[in-house]
């Protein structure tokens, strides 16, 4: 497993974990999910350009 693939897997799990439909994260709103989703998009773009 490469570093890029590992980062994508961790970030996808992070997006699912901080989604506001879970009881423990409902009061957080969409802020954490938006941040993790932004990081996921950045990592995918870096993977496509071959920087990771």
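Working from Cα positions, state the angle (0 to 90°, nearest 10) between the long axis of helix 31-48 and the longest principal axis of the chain.
10
What is the angle, in °, between the Cα long axis of helix 3-17 and the longest principal axis of the Cα atoms in the chain? Nearest 10 is fine, range 0 to 90.
Roughly 10 degrees between the two axes.
Report relative contact order for the chain in percent, whole number only (criteria: Cα-Cα under 8 Å, sequence separation at least 6).
Reported relative contact order: 41 percent.
If packing is taken as the average count of other Cβ atoms within 10 Å, what order do 42-49, 11-18 fall into, highest mean first?
11-18, 42-49
Compactness ratio of the chain: Cα Rg over 2.2 N^0.38 Å, N = residue count?
Rounded to two decimals, the normalised Rg is 1.25.
For the peptides 31-38, 2-9, what is the packing order when you average, over each peptide's residues, the other Cβ atoms within 10 Å and list the highest mean first?
Listed from highest to lowest mean packing, they are 31-38, 2-9.
None of the figures in this text is laboratory data; all of them are computed from the coordinates on show. As the structure is a computational prediction, the values presented were derived from the model and not from experiment. Backbone-built Cβ (ideal geometry, glycine too); neighbour counts: all protein chains shown.
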